[in-house]
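Notes follow the structure.
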Amino acid sequence: MAQVVININDREYPIACENGQEVRIMQLAQILQQKALMLKDFSGRISENLMLAMVGILVADDLFELKKNQTQAPAPAPQNNDEKDRQVVERIRYLNEKIKAIAKLVESL
């Protein structure tokens, strides 16, 4: 059994994993660290437990959206660039609203 040490929000966590999975664990930890930094930018200093809970919620939301999009979109039809651009703009707006909502939640704590 291998072990790696990941860093999230300036704190180290030793993680046991199967041999050969060390790089994957580090990649996943980097995603969590990016989410933690995003939350930190909006909220400043918050408790470790709250930070990890909120990071978990963000990751779960990403997963939920991916699953929802896979089940709702049977097969993407060929699109022109205008349609692709519109979809990108809509996704950015959606994410912007989500970030604002998280920032308000953090500010209320």
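For Ala2, the requirement of being in contact (Cβ under 8 Å) with a residue 12 or more places away in the chain and of a type outside the set (D, E, K, R) is met. In the set (1) surrounded by fewer than 12 Cβ atoms within 10 Å (Cβ to Cβ); (2) part of a helix (DSSP H, G or I), the condition left unmet by Leu50 is number (1). Applying a threshold of 6 Å to beta carbon distances and a minimum spacing of six or more residues, or different chains, the list of pairs starting in the stretch 87-101 at a residue that is modelled with pLDDT of 75 or more and ending at one that is surrounded by 11 or more Cβ atoms within 10 Å (Cβ to Cβ) is empty. Against the list (1) under 11 Å from the mean Cα position of the chain (by Cα); (2) farther than 30 Å from Ala2 by Cα; (3) free of Cβ contacts under 8 Å to residues at least 24 places away in the same chain, the condition Lys67 fails is (1). Summed over the stretch 5-26, the residues that are without any contact (Cβ under 8 Å) to a residue 12 or more places away in the chain, exposed (fewer than 12 other Cβ atoms within 10 Å of the Cβ) and not β-branched (Val, Ile, Thr) give a count of 3.
The values are calculated or read from the model by the stated rules, or taken from the named source; none is laboratory data. Only a predicted model underlies this, so the values are computations on that prediction, with no experimental measurement involved. Backbone-built Cβ (ideal geometry, glycine too); neighbour counts: all protein chains shown.
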